[in-house]
Amino acid sequence: MKIKKKISGVEAVNKALEIINCFTLKKETLSITQISKITGDYKSRISRISKSLENYGFLRRIDNGAFKLGSSIGRLIEVYDDSFNFKKLIKDELDFIMTKSNETASFFVKQKNYRTCLITSEPNKPIKHTIQTGLKRPLDKGSSGHVLSVFNNLPIKNKEAIFRNQFSMSFGERDREIASISVPVMPNKKKILGALTITGHISNFNKKNCLIFLNVLRQSRIKIEKKLHKSS
């Protein structure tokens, strides 16, 4: 069992939310044993709380006894989107970035000890970089990983420079043919929401284009942060 952190609030509610947070991929299914390993709690307790979550529609049991997220999760997402459509705002800006750069634009977020692409927008051209949403990627590689690490106060190379300049560039770090540029999105100036990123073939990332790409990313960052600040 892993060492449990002290968290304020009602213990059973905390555990229920921790169980829900175990599901990080689309259409993911997890068994009681898998959830127990992730949370570090006993299977008997996980089973009881999962049953309560199932009763209220937050989990759904499938034929083999494993669990998926239930319909109540979707209902909450719809309620949230009705109050402020966060994903639409990001997608609109990614489409703008993609149009201006003619490269793949994406929005990465930190999840536990990795990063994942939440939304993407790809150009209509034969040679482009395709990013699969929901796929786990390392935090210590790629420009979005650099940015997410720095603004979550994690150890990373060139940390001070990235913090000072508010951007990171990566050339052939994970794939020798791929380059990327990222800037942080921080609507409250204290905590990073995610990283706006332009990714493409390294041959297109010369000095002139990098400056253009960075300027486009900064324009979108300002627009997103202003709109998020107004909605909060």
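The values are calculated or read from the model by the stated rules, or taken from the named source; none is laboratory data. Everything numeric here is computed off the predicted structure, so don't read it as measured data. Cβ coordinates were reconstructed from backbone atoms using ideal geometry, including for glycine residues, and neighbour counts include every protein chain displayed. Surface accessibility is based on the protein's heavy atoms, side chains included, excluding ligands, DNA and RNA. Shrake-Rupley method; radii C 1.70, N 1.55, O 1.52, S 1.80 Å.
Estimated from the Cβ-Cβ distance and a Förster radius of 22 angstrom, the FRET efficiency linking LEU25 and ASP92 is about 0.30.
For the peptides 46-53, 176-183, the ranking by mean Cβ contacts within 10 Å, running from highest to lowest, is 176-183, 46-53. A simple charge model with +1 on the Cβ of Lys and Arg, -1 on the Cβ of Asp and Glu and nothing else charged puts the dipole of the chain at about 600 debye relative to its Cα centre. The calculated FRET efficiency for the pair LYS125 and ARG75, based on their C-beta separation and a Förster distance of 35 Å, comes to about 0.35. Taken over the C-alpha atoms, the chain has Rg and Dmax values of 19.7, 60 angstrom. Sorting ARG174, ARG221 by solvent-accessible area of protein heavy atoms yields ARG174, ARG221, largest first, with a 1.4 Å probe. Here the accessible area of the chain is 54 percent carbon and sulfur, with a 1.4 angstrom probe and all protein chains present.
MET186 sits with roughly 20 Å² accessible to a 1.4 Å probe, with DNA, RNA and ligands left out of the calculation. Using 0.36 nm per residue and subtracting the Cα-Cα separation, the extra length available between LYS226 and GLN111 on full extension is 39.0 nm. Is any helix in the chain, taking whole DSSP H runs, at least 24 angstrom long along its axis by alpha carbon and on average at least 1.6 on the Kyte-Doolittle scale, and which ones? Helices passing the filter in the chain: none found. With R₀ set to 41 Å, the beta-carbon distance separating ARG164 from GLN34 gives a calculated FRET efficiency near 0.45. Accessible area per residue (1.4 Å probe, heavy atoms of protein chains only) ranks TYR56, TYR42 as TYR56, TYR42, with the largest value leading. Note on the chain: helix-only mean residue ellipticity at 222 nm, from DSSP H runs of 4+ residues weighted -39500 (n - 2.57) and normalised by residue number, equals -13500 deg cm²/dmol. Of all the C-alpha pairs in segment 16-64, what % are more than 13 Å from each other? Tail of P(r) above 13 Å: 53 percent of Cα pairs.
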